[in-house]
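The values are calculated or read from the model by the stated rules, or taken from the named source; none is laboratory data. In this text, all values refer to a predicted model and were calculated from it rather than measured experimentally. Here Cβ is always computed from backbone atoms with ideal geometry, including for glycine, and neighbour counts include all displayed protein chains. Accessible surface is based on the protein model in full, side chains and every heavy atom, while ligands, DNA and RNA are left aside. Shrake-Rupley method; radii C 1.70, N 1.55, O 1.52, S 1.80 Å.
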Amino acid sequence: MSTPRLPGSPRTALVREPGPRVSEMVHALLDAGCTVSVASDDPGPELRDLHGRGLVALVAADAETGADLVVRDRTHEPRPTAASSPSPASGLPGMGEVVLVGGGPGAADLITVAGLQELRQADVVVHDRLAPIGLLDQTPEHCLLVPVGKIPRSDFTPQERINELLVGHALEGRRVVRLKGGDSFVFGRGGEEWLACTEAGVPVRVVPGVTSAVAAPALAGLPVTHREVTSGFVVVSGHVGPDDERNAVNWQALADAGLTIVLLMGVATLPAIAERLLACGMPPETPAAVVADAGMPSQRRVRAPLPQIAARAAAEGVGAPAVAVIGRVAAVLPEDRPAASSATAREEAVATPGHPTPSGG
Ligand code: SAH
């Protein structure tokens with residue numbers, strides 16, 4: 001598939017016969033500024049996830065939507081995938097390497113130049129769901145693509161298996177890119193993958209990425225620091241709630257610190273975390289915000305004082321993947337900005353190639 005990139009190119013796209021690479025295709029179309037529908041009577045977990053995040057509309061398999069562009073899933077064009085070809089590029093003589101590439105929050109243009117260069121030279125890409133998977137199009141033809149992303153409430157690849165994949169391919173002489181959302185070392189298990197490589201004697205490098213901890217607030221007009229409001233921010237995982245014994249966070253210290261709290265993986269635990277911070281003495285008027293799918297066309301934001309934020313986010317469908325921001329910075333910039341929403345701004349940027357992305361203004 002060649003993704004339409006010209007100004008005035010298709011605005012609505014319909015994907016027919018979705019196959020194993022439907023996510024990649026949908027992301028490439030979204031990155032090109034299209035509104036995407038997928039024709040399927042039996043959507044699998046990947047499609048249901050994209051639909052749940054508001055990234056695609058689902059229509060019946062035989063639907064005629066009058067879309068500007070109708071595309072079929074690329075599984076019809078042979079390309080190695082984990083299932084079809086276990087060893088793509090015949091291993092190079094000698095040792096390969098692993099590069100841990102942080103892909104940014106998910107939009108194609110928020111990866112670094114260095115990260116994109118690594119993708120363009122990869123023999124194998126092991127990628128997550130929240131990575132900028134629209135860019136997999138730019139990997140060499142022979143490159144093996146291995147999705148290991150965790151779709152909520154669906155199958156996932158255990159970390160040990162991911163480590164084995166990275167090490168195994170590198171030992172066979174391949175250039176392996178581990179592509180993640182955000183930055184590999186911010187709740188990305190990059191340290192574990194690094195250790196697995198060094199323990200196996202495999203060379204490993206890191207290309208840092210734009211973490212969603214900073215990018216999601218920024219794209220939604222929420223500065224994580226602001227002069228005379230707060231002099232710092234702390235990034236916390238909400239993967240397990242404050243009452244879970246695996247959670248070692250000192251909530252009292254956080255409530256007292258006067259720092260912006262940026263919460264990742266915290267949609268489900270936000271009610272309990274807000275309650276705990278309030279119980280630790282955080283003022284009930286503390287502003288808070290939740291930003292979902294930052295940088296994607298389905299980006300949404302909600303703001304409310306801390307006691308109401310979880311219920312407001314739930315009521316407005318601002319769900320995972322999302323970043324919560326707690327602290328006075330959440331109310332420091334006005335609600336109505338002269339610039340269009342960042343999603344619209346990004347669309348304009350796509351329509352004007354080479355023009356700097358005006359998002360975040
Ligand atoms: N390494 C990643 C974080 C991985 S943990 C990084 O540095 O960004 C996964 C969490 O990241 C999600 O639960 C969500 O809290 C956040 N996240 C990732 N991409 C996001 C996006 N586009 N919008 C909002 N939150 C996002």
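General observations
- Of interest is the spacing of the C-alpha centroids, which for segment 185-227 and segment 255-295 amounts to 21 Å.
- Applying both filters, DSSP loop and at most 15 other Cβ atoms within 10 Å, to the chymotrypsin sites (Phe, Trp or Tyr not before Pro) of segment 130-220 gives F156.
- Net charge in the neighbourhood of V98 (other residues with Cβ under 14 Å of its Cβ; Lys, Arg +1, Asp, Glu -1) is -2.
- Convex hull per residue volume in Å³, alpha carbons only, for segment 87-210: 92
- Carbon + sulfur, % of accessible area of segment 105-209 - ligands and nucleic acids excluded, 1.4 Å: 55
- Hull volume in cubic angstrom per residue (convex hull over the Cα atoms of the chain): 144
- Averaged per residue, the chain has 45 square angstrom of accessible surface, using a 1.4 angstrom probe with ligands and nucleic acids left out.
- Each Lys or Arg adds one and each Asp or Glu subtracts one; over the other residues with Cβ under 15 Å from the Cβ of A257, this totals +1.
- Taking only protein heavy atoms and a 1.4 Å probe, the accessible area of segment 11-72 is 49% carbon and sulfur.
- Exposed loop sites, defined as trypsin sites (Lys or Arg not before Pro) outside DSSP H, G, I, E and B with at most 13 other Cβ atoms within 10 Å, are absent from the longest region of the chain, namely 6-149.
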